[in-house]
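Only one structure is covered here, and it is reproduced in the block below.
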Amino acid sequence: MKKKFTLRALFVLAMIMSVSFVNNVSAQVAPSLGAAESFSVLAATTVTNKGNTVVSGNLGVSPGTAVTGFPPGVVNGTIFTGAGSTAGQAQIDAAAAFNNISGQNCTTDLTGQNLGGLTLTPGVFCFASSAQLTGTLTLNAQNNPNAVFIFKIGSTLTTASLSSISVINGGSSCNVFFQVGSSATLGTDTSFQGNILARTSITLNTGADLDGRALALDGAVTLDTNNISECGSIAPTAAMVNVGGRVTTVRGRGISRALITMTDGAGVFRKTYTSNSGSYNFADVEVGQTLILDIKAKRYNFTEPTRVISLSEELTTLDFTAY
């Protein structure tokens, strides 16, 4: 009996270790940047700038030595050039971080999808070839300050003018990583959050701002009237989403002119009426709060006239059913 118990215990322990190993492999992990962590801008060949760019951290080039456009640009940290400088070790560590990301398993394949309009929770997101951002990408950290978002992009990363990335619900741009297989280009007036590790070059067009790092392993970094701040210096913002649904009878017929009231976490009261088809919607509702919704309609009673929800993302299926 003792032998059977021992064998069974060993089997259970082996299964637990196996599950733990699988979970550890699949979980995304922020790579260490080492010496590159203190750099806001790092290039292999040259850094060029025009306009009143402001770089909050260090700026470096290695193995190259060419830095132009400062002034009129301003570097609040230190400029390092050449393989023998701190920039040389930063390049070694940035390459190690790039390789670390290569070894992490994809949790979601986004090949062919535009990042604009998406709301993503922590994970490793992969593109077999190029990636495009047009509009706003929202990264929902789900109230975890250590939430990690990794994007593995096979070739180029391009953002359209006025595009943006928003990190919400307690996350940090320090834990957002874009591994780019060739070059990254941020369009005019883009507001970008995260660390860009590009195999070749990185270009920030006029007015593009970066809350994070621009680390080019083999090529140049080109700047034009940009603000490059240390990651995490921009406070996470709350996304604004829609909350809505339908009000129907048990047979699915829409109920018009039903009154829906909504009270948000700050005590702000809003109301709306259902359409002829029974649909209703509240626009521009901030995520990360608790909402209370109540319904009233003449001649109808409801199975759940009051609904209490914790809003973490867009919600358009909050339905009420009359009896």
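Values quoted throughout were computed directly from the atomic coordinates according to the rules given, and no laboratory measurement underlies them. This structure is a prediction, so every number in the text was calculated from the model and none was measured. Note that we place each Cβ from the backbone using ideal geometry, even for glycine, and neighbour counts take in every protein chain shown.
Points to keep in mind about this one:
- Per-residue Cβ neighbour rank within 10 angstrom, fewest leading, D109, D294: D109, D294
- Across the stretch 16-144, the relative contact order, built from alpha-carbon pairs under 8 Å that are at least six residues apart, equals 21 percent.
- In this structure, the amide hydrogen of G135, modeled 1.01 Å from its nitrogen in the peptide plane, lies closer than 5 angstrom to those of A160, S163, S164, counting only residues at least 5 positions away or on a different chain.
- For the chain, modelled as a GNM whose springs connect Cα atoms under 10 angstrom apart, the maximal fluctuation among G252, G64, G116 occurs at G252.
- Note that the stretch 46-135 shows a convex hull volume over its alpha carbon atoms of 148 Å³ per residue.
- Note on the chain: with a GNM built from Cα contacts shorter than 10 Å, the maximum mean-square fluctuation among P145, P305, P63 falls on P305.
- Couplings for the stretch 180-186, taken from phi via the Karplus curve 6.51 cos²θ - 1.76 cosθ + 1.60 with θ = phi - 60°, read 10, x, 10, 10, 10, 10, 9 Hz in order; Gly and Pro are left as x.
- Dipole moment magnitude, nearest 20 debye, the chain about Cα centre, only Lys, Arg, Asp, Glu C-beta charged: 1580
- Charge tally around I228: other residues with Cβ under 14 Å, Lys/Arg +1 each, Asp/Glu -1 each, net -3.
- Dipole of the chain computed with +1 at Lys/Arg Cβ and -1 at Asp/Glu Cβ about the Cα centre; of G84, G57, G187, farthest Cα towards the positive end is G187.
- Net charge of neighbours whose Cβ lies under 13 Å from the Cβ of E286, counting Lys and Arg as +1 and Asp and Glu as -1: -3
- Radius 15 Å from Cβ of F177, net charge of other residues (Lys, Arg +1; Asp, Glu -1): 0
- Taking amide H positions as modeled 1.01 Å from N, with prolines and chain starts lacking one, the residues under 5 Å from G194 and 5 or more places away or on another chain are D211, G212, R213.
- Counting only DSSP H runs of at least 4 residues, each contributing -39500 (n - 2.57), and dividing by the residue count of the chain, the helix-based mean residue ellipticity at 222 nm comes to -4500 deg cm²/dmol.
- Subtracting the Cα-Cα distance of K50 and L162 from their residue separation scaled by 0.36 nm leaves 38.3 nm.
- Segment R253..T108, full-extension length gain: 48.4 nm, with 0.36 nm per residue of separation and the alpha-carbon distance subtracted.
- For the stretch 82-92, Karplus couplings with θ = phi - 60° (6.51, -1.76, 1.60), whole Hz, Gly/Pro x: x, 5, x, 9, 4, 5, x, 5, 4, 5, 4
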